[in-house]
Amino acid sequence: MLSRYYSNLTILLRIIARMLRFPHREQRVTDRLTPQEIKSAMQVYIRHVQSQHYQKEINQLERNGEVNLSSSLRQLKPYLDDQHLLRVGGRLQLSELSYGTKHPILLPRNSLLTALILHHEHHEQLHCGPQSLLTAVRRRFWIVGGTSAARKTCRACVECVHAKPAPLHQLMGQIPSDRLTPNSPFSITGIDYAGPINIISRRTRGATSSKGYIALFVCFCIRAVHLKAVSDLSTSAFIAASTRFSSRYGLPSRLCSDNATNLRGAARKFRELYQHINEAEQDDKVVDFFSNKGIEWKFIPARSPHHGGLWEAGIRVTKGFLSKIGGDARFTFEELSTVLAQVSACMNSRPISPLSSDPSDPQPLTAAHFLVGRPLRAVPEINQLERNIGSLTRWEHVGELCITCPP
């Protein structure tokens, strides 16, 4: 089979599409492939794989309209659609989901097509974990035994193996009550810094670089994250970043952080502000309004980073994304802000509830459901896979790091 010689799903589908175009080569208008041709190539490949692994079930469906009781696919209620593709039945016909989400295409676990799809989606989701990978794949395909197949894909990824540190095994403490009490998003927020990161001043040759940092805001309730690029570690820079954060998500009632000097300086600034407001001779309603808006700042004990495990985990995941997609790349401040926005979108699209093997169950909840009501997805970028990286502009290079698969 042709797939034995290719490890990239995009290239393989383009080759199959050109093979399907060959009998009609006299009628073609342009040499560029259309999305419909790519879709047709995928359908041809899926039919071939399904006929290899599920030909017995396909014959039963064509003859009786259902599979036998002894079939391993009996619980999935499979059926054949108008394209002769084997799909999951389920009980979601009356939902407003898309047709592909309600009735995903059935795929075997041990086929080359399944491995290529998982590998492609793993890179599209910025080297996510097995749960996030399986969630993304199930929007279109239902892999029989997909949990073990997703784990195998993540274990075989070279970038993930290199970026994953050695695990530490220790007894964990009790979860704080702030993380167990339902609350509005970012009402109780944890803060931490990551860096330094080299930031260039302009996109010309010989541009000087300076140190930049990443400010992470994480919600205690739903574990949503917000990443901001910060130019330095001063108190004023952090206050500006926190002002942009609170202008988007609202003023938090409590902030938690470690004992960094710039964070302690920011806490002192906020306390001085609210003391000045309370001491000023103003109308009682205004005083009550600002006093009710006061921020309670809580610091963890000194030299005890394990007390801030929530934001330390967020920093670890953020660094993992940046090391996989960016490597040693140097960004301008705007480019870094764009990359951090895409990273935070992927982090907020991770499932926060267990995945189910029942196709009738709805999609798992993510932090983005509580923020915007649906998983966050970036605007599709132009595929630069066939172009030389030396001819790309800076913005195309940033998009290339986030949307294309490493060779």
Next on the checklist: I'd like to check something: does the stretch 224-238 contain any residue that is in a strand (DSSP E or B), touching a His at 6+ places or on another chain (Cβ under 8 Å) and either crowded, with 20+ Cβ neighbours inside 10 Å or among the hydrophobic types (A, V, I, L, M, F, W, C) (or both)?
Outcome noted: no
Checklist entry - Would you say residue 190 is more than 18 Å from residue 335 (Cα to Cα) and either open to solvent by less than 40 Å² (accessible area, probe 1.4 Å) or assigned to a strand (DSSP E or B) (or both)? => result yes
Checklist entry - Filter the stretch 156-170 for residues that are closer than 18 Å to residue 322 by Cβ and outside any helix (DSSP H, G or I); which is least open to solvent (accessible area, probe 1.4 Å)? => result 157
Checklist outcome for this item: Per the list (1) open to solvent by less than 40 Å² (accessible area, probe 1.4 Å); (2) assigned to a loop (DSSP other than H, G, I, E, B); (3) farther than 30 Å from residue 343 by Cβ, residue check on residue 106 breaks on (2)
Item to check | Given (1) among the β-branched types (Val, Ile, Thr); (2) under 22 Å from residue 348 (Cα atoms); (3) assigned to a helix (DSSP H, G or I); (4) open to solvent by 20 Å² or more (accessible area, probe 1.4 Å), number of the condition residue 181 does not satisfy | outcome: (3)
Next on the checklist: Condition first: within 20 Å of residue 137 (Cα to Cα), at pLDDT below 80 and assigned to a helix (DSSP H, G or I). Can you find one or more residues in the stretch 369-387 that meet it?
Outcome noted: no
Item to check | Selection within the stretch 118-150 - touching a Ser or Thr at 6+ places or on another chain (Cβ under 8 Å), surrounded by fewer than 17 Cβ atoms within 10 Å (Cβ to Cβ) and part of a helix (DSSP H, G or I) | outcome: 147
Item to check | Neighbours by Cβ (under 8 Å, 6+ apart or cross-chain): first from the stretch 104-127, at negative phi; second among the basic types (Lys, Arg) | outcome: 104/87; 104/138; 104/139; 104/140; 105/87; 105/140; 106/87; 112/4
Next on the checklist: Checking the condition closer than 26 Å to residue 123 by Cα, modelled with pLDDT of 80 or more and in a helix (DSSP H, G or I), which residue from 36, 60, 52 passes?
Outcome noted: 36
Next on the checklist: Restricting to the stretch 331-374, count the residues that are open to solvent by less than 40 Å² (accessible area, probe 1.4 Å) and closer than 20 Å to residue 217 by Cβ.
Outcome noted: 14
Checklist outcome for this item: Taking the stretch 65-79 and keeping residues closer than 23 Å to residue 102 by Cβ, of a type outside the set (Lys, Arg) and either part of a helix (DSSP H, G or I) or open to solvent by 40 Å² or more (accessible area, probe 1.4 Å) (or both) leaves 65, 66, 72, 75, 76, 79
Next on the checklist: Suppose we filter 86, 69, 61 for residues that are in contact with a Pro (Cβ under 6 Å, 6 or more places away or on another chain) and among the hydrophobic types (A, V, I, L, M, F, W, C); which single one remains?
Outcome noted: 86
Next on the checklist: Quick check on residue 153: is it at pLDDT 85 or above and not in a strand (DSSP E or B)?
Outcome noted: yes
Checklist entry - Could you list, in sequence order, the residues of the stretch 136-179 that are of a type outside the set (A, V, I, L, M), in contact with a Lys or Arg (Cβ under 9 Å, 6 or more places away or on another chain) and more than 30 Å from residue 88 (Cα to Cα)? => result 159, 160, 162, 165, 178, 179
Item to check | Candidates 206, 212, filtered to the one that is free of Cβ contacts under 8 Å to residues at least 12 places away in the same chain and more than 25 Å from residue 129 (Cβ to Cβ) | outcome: 206
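The values are calculated or read from the model by the stated rules, or taken from the named source; none is laboratory data. Bear in mind that the values here come from a model prediction, so they are computed numbers and not experimental data. As a convention, Cβ positions derive from the backbone with ideal geometry for all residues, glycine included, and neighbour counts pool all protein chains shown. When the accessible area is computed, the model is the full protein with side chains, heavy atoms only, and any ligands, DNA or RNA have been set aside. Shrake-Rupley method; radii C 1.70, N 1.55, O 1.52, S 1.80 Å.
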